[in-house]
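**Student:** After the structure tokens below, expect a handful of questions from me.
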Ligand code: SF4
């Protein structure tokens, strides 16, 4: 147990799950997008939907999507800031079934037209879980540099990716594999101890059978 | 490698290695995160200073987004300054700072979760008031902050620090016991005294439910920060007087876990019981919608 999870984090109130956790979901999604977000459809579920207004959940999510961290004093102003920046924000209800009570489903468009859909859960104490990316299960905390590779479900892709990481001296902290159906879309979620260099990501994006690469860098 | 899971572990490590309570917590942190003790100490100082900044940035004119809270900390300040303060300068100031921090949190200002955002006023209220009223050096305050963190870590491990799983005893109760332990140290208490200050404070908060109106961290949370601060001071004073808890500190924590588990879910942050379903709360709910 890290004692700075007990004393800390420094955050904008009022709620570690509904404000700080929401900001973190937005922030991690912005990092995963890798470029400025111009349009965000924010669909809320459960307690995020029911009590989110009084907790500033909407403001916190939008702030995060603009790259603000949970301790950013501009969070209460984020909806106005988004408007000034010309970012289009739409709120709605999520139609997810049986999700975690504090869940946000984010449908995002980046400045180059890149699309990304993230389902994020706020677990309490500002810890979060990225539960889905583009509709496929993922499950990672955003506390490590994380590589998410969507590929066609064929033999050989896992070893390709791990070989690249070994070559770049990146140590794997945790690795998970998911797929929608046999031979269909598959996802690798790899949490790393070091940052993956940009050329490694570029190489992966071009590799055969790889549909999409999403990378969470923790560098500012 | 220093590992502790209970309050008794910490007291034993102090005794066997001739270390102070806070040093055990700091060394364990440095080892776990693989950083130097200087870095660990600097990080805790940063947290203490962030609490100070949050306290000084209180804005008496702010209202929370719901409109339910704001301005009460200023009322406390004015009342204290009229000389009608019932309970002395230190406790009066602690009550004022606790309410201010709770309001700052509700008004979306920057605070330090300690251990949670809802309970963020308790520890800074006691500590910042102590530093002012007793002219304590900042290093000493940071040492005491490690004690609060260590106690919080033990509670998190063996019970809970989340209202949703343990009720408010887990939030305000934990914060109060953490503050009591730190305060006992500031007053010169040894490891045993620190442990019993913690035990008193937590015992006094057992059974406290989490029943916030409209599910917002405002009513009753803000004023409970004041109660948590006052309880911490009274508990530290009992321990300093040499009074000892008949139930051991770790058994108090175990009791908190069992009570939290036995608590119905309508009293654990769901807004479906207790104060949250009173006619007054219903009226507030209607005006908010
Ligand atoms: S009543 Fe609930 S939300 Fe409020 S401080 Fe206590 S535990 Fe936190």
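The values are calculated or read from the model by the stated rules, or taken from the named source; none is laboratory data. Treat the numbers as computed from the prediction; the structure is a model and nothing was measured. Don't worry about glycine lacking a Cβ; one is built from the backbone with ideal geometry, like all the others, and counts go over all protein chains shown.
**Student:** Of the residues B:144, B:114, B:94, B:153, only one is crowded, with 20+ Cβ neighbours inside 10 Å and within 16 Å of the ligand (Cβ to nearest atom); which?
**Tutor:** Exactly one residue qualifies, and that residue is B:114.
One line per residue, one yes/no per condition, for (1) part of a strand (DSSP E or B); (2) outside the structural domain of residue A:20 (by TED's automatic domain parsing); (3) touching a residue at least 60 places away in the same chain (Cβ under 8 Å):
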| site | (1), (2), (3) |
| --- | --- |
| A:128 | yes, no, yes |
| A:151 | yes, yes, yes |
| A:155 | no, yes, no |
| A:158 | no, yes, no |
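**Student:** Here are B:240, B:263, B:198, B:205: which of them is at pLDDT 95 or above, under 22 Å from residue B:166 (Cβ atoms), away from the ligand (no atom under 14 Å from the Cβ) and buried (at least 16 other Cβ atoms within 10 Å of the Cβ)?
**Tutor:** Exactly one of B:240, B:263, B:198, B:205 is at pLDDT 95 or above, under 22 Å from residue B:166 (Cβ atoms), away from the ligand (no atom under 14 Å from the Cβ) and buried (at least 16 other Cβ atoms within 10 Å of the Cβ), namely B:198.
**Student:** Considering the range B:156-167 alone, what residues qualify as being within 13 Å of the ligand (Cβ to nearest atom) and either under 23 Å from residue B:241 (Cβ atoms) or within 11 Å of chain A (Cβ to nearest Cβ) (or both)?
**Tutor:** B:160, B:161, B:162, B:163, B:164, B:165
**Student:** For the range B:168-181, which positions are farther than 15 Å from residue B:230 by Cβ and either away from the ligand (no atom under 16 Å from the Cβ) or surrounded by fewer than 24 Cβ atoms within 10 Å (Cβ to Cβ) (or both)?
**Tutor:** B:181
**Student:** I've got another one for you. Where in the range A:10-100 are there strands (runs of 3 or more DSSP E), lying wholly inside it, with at least 3 residues that are away from chain B (no Cβ under 12 Å)?
**Tutor:** Per the criteria, A:37-45, A:88-93.
Residue-by-condition table, conditions (1) touching a residue at least 24 places away in the same chain (Cβ under 8 Å); (2) part of a helix (DSSP H, G or I); (3) under 29 Å from residue B:213 (Cβ atoms); (4) more than 10 Å from every other protein chain (Cβ to nearest Cβ):
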| site | (1), (2), (3), (4) |
| --- | --- |
| B:5 | yes, no, no, no |
| B:12 | no, yes, no, yes |
| B:39 | no, yes, no, yes |
| B:48 | yes, yes, no, no |
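**Student:** Please specify each residue of the range A:10-47 satisfying the condition of being within 16 Å of the ligand (Cβ to nearest atom) and more than 20 Å from residue A:76 (Cβ to Cβ).
**Tutor:** A:47, the sole residue that qualifies.
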